[in-house]
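Everything below concerns the one structure shown next.
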Amino acid sequence: MSEQLRPQPRPGVLQIAAYVPGDDRSAAARVFKLSSNETPLGPSPRAIEAYRANAEHLHVYPEGSSRILRDAIAAANGLNPARIVCGNGSDELLTLIAQTYLEPGDEAVYSQHGFLVYRIAILAAGGVPVVAPERDETADVDAILAAVTPRTKIVYLANPNNPTGTYLPFSEVKRLHAGLPGRVLLVLDAAYAEYVRRNDYSSGLELAAEADNVVMTRTFSKIFGLANLRLGWAYGPLHVVDALNRTRGPFNVTGPALAAGTAAVSDRAHIEAAVDHNARWLEWLTREIAGLGLRVTPSVGNFVLIHFPEEPAAGAPEADRFLRERGYVLRRVAGYGLPHALRMTVGSEEANRGVVAALADFLGRA
Ligand SMILES: *Cc1c(COP(=O)(O)O)cnc(C)c1O
């Protein structure tokens, strides 16, 4: 059959470079997966227990509105549960937002090293991705505003951003919002919000509570340690929540995910332990790796972006191979326009110390 006669995806689909997830490929006897920003502490034991108990009900459809989870999230954060929509990972919600708000040819803006799911979501919806340059590996409000045109429908901002780990203070997020036309939906992706310890940071909850054109997304994949269950949520104005409830799948969140997520949000002690572990080792890694002579982008998340020289023998691909052989699997980020960097998730003490020792070996050898 000729190519013209077979079914054709819309043109944007073939422009998509499929997302490459972090892997754990290594021949080493012990492998430390530091490639997807998963927590070294795992989930709350209460979440595991709730997940197991749900195994009795696998033949029954889940409750379709994620009510128990929305109530638990609302209680933990002081929110109105009617303004929350849960998703199969926040990736689903980010994608659903594009599908719900973009018409073919509409533009959506994200920043230069912004999370790649935005680009995929925009193209899959028939939209046009518009990339705003960053400054110092940080989103630049003026550049984002300058990229807005009469066709712009969505601005995606990861705050903090992955893979850079940098963030915008809330004053800058508010300035961005103030500069956007009311018809543009500002999507604040706060996947790493729980880790941030800065007085001038906000996940954007206040803005999503007040404004008619702001939605904030959160995930259970990072600090809550439930990446394998696929669970996220969005908070925004009722009209946005209503639109997303019309376009989402009727049973988009599974019962085991609802049960585990509901148990996880109320386990404050587990969250605090994860925040403390991260704060300690983020600082340690940043200092130790910089001490080896490698530039580290200042991060407020649970990962660090490490920059390598552009020389072939001492570069990021060689470092990736060297570390992998020793069981430390980091993430290449060339797809983010960062071919000379590797992203490392803050791991267990053993993993963190192991990577720093291996990096010292690598640099001594190179
Ligand atoms: C990890 C991550 C997410 C979370 O995705 P899930 O689909 O909820 O697992 C969202 N945004 C950013 C920027 C991330 O790094």
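Backbone geometry of the range 250-267 corresponds, through the Karplus equation with coefficients 6.51, -1.76 and 1.60 at θ = phi - 60°, to 3J(HN,Hα) couplings of x, 10, 6, 10, 7, x, x, 5, 4, 5, 5, x, 4, 5, 5, 5, 8, 8 Hz, x marking Gly and Pro. Computed in the context of the full set of protein chains, the accessible area of the chain at 1.4 Å probe radius has 53% of its extent on carbon or sulfur. Sites listed here are chymotrypsin sites (Phe, Trp or Tyr not before Pro) in the range 1-79 whose DSSP assignment is loop and whose Cβ has at most 13 other Cβ atoms within 10 Å: Tyr19.
Give me the Kirkwood hydrodynamic radius of the range 1-57, using the inverse of the mean 1/r over all pairs of distinct Cα atoms, in Å to one decimal. Mean inverse Cα-Cα distance, inverted, gives 16.7 Å.
What's the local net charge at Ala82, with K and R +1, D and E -1, over the other residues with C-beta under 14 Å away? The partial results should precede the final answer.
On the way: positive: Arg67, Arg70, Arg83; negative: Asp71, Asp242.
So the environment of Ala82 carries a net charge of +1.
Taken one residue at a time, the phi angles of the range 331-338 give Karplus couplings (6.51, -1.76, 1.60, θ = phi - 60°) of 10, 6, 10, 4, x, 9, x, 10 Hz. Gly and Pro are set to x.
Taking the DSSP beta bridges in the chain as the whole, what percent of them are antiparallel, to the nearest 5? Provide the component values of the computation, followed by the final result.
Values: 20 of 39 bridges.
Just about 50 percent of them are antiparallel.
Residues whose amide H comes within less than 5 Å of that of Asn162, counting only those at least five positions distant or on another chain, are Phe115 (H built at 1.01 Å from N in the peptide plane). From its DSSP helices (H runs of at least four residues, each -39,500 (n - 2.57)), the chain gives a residue-normalised ellipticity at 222 nm of -11000 deg cm²/dmol.
In the chain, the sites counted are trypsin sites (Lys or Arg not before Pro) in DSSP loop states with at most 15 other Cβ atoms within 10 Å, and the longest stretch holding none of them, exclusive of the sites, is 199-366. What the phi angles of the range 146-161 give under the Karplus curve with 6.51, -1.76 and 1.60, with θ = phi - 60°, is a coupling list of 5, 7, 6, 10, x, 8, 6, 10, 9, 10, 9, 9, 8, 9, x, 8 Hz, glycine and proline written as x. Under a 5 Å amide H cut-off, with hydrogens placed 1.01 Å from N, Leu186 pairs with Val155, Val214, Val215 among residues at least 5 apart or on other chains. Taking the square roots of five times each eigenvalue of the Cα gyration tensor of the chain, the equivalent ellipsoid has semi-axes of 32, 26, 22 Å, listed largest first. Taken about its Cα centre, the chain carries a charge dipole of roughly 420 debye when the Cβ of each Lys and Arg holds +1 and the Cβ of each Asp and Glu holds -1.
Loop-only check: which GluC sites (Glu not before Pro) in the range 82-164 are DSSP coil with at most 13 other Cβ within 10 angstrom? Before the final figure, lay out the partial values.
Numbers: sites: Glu92, Glu107, Glu134, Glu137; in loops: Glu134, Glu137.
In loop regions of the range 82-164 (DSSP not H, G, I, E or B), there are no sparsely surrounded GluC sites (Glu not before Pro).
The values are calculated or read from the model by the stated rules, or taken from the named source; none is laboratory data. From a predicted model like this one, the values you see are computed outputs, not experimental measurements. All Cβ positions, even for glycine, are placed from backbone atoms using ideal geometry, and neighbour counts span all protein chains on display. Just so you know, the surface numbers come from the protein's heavy atoms only, side chains and all, with ligands and any DNA or RNA stripped out. Shrake-Rupley method; radii C 1.70, N 1.55, O 1.52, S 1.80 Å.
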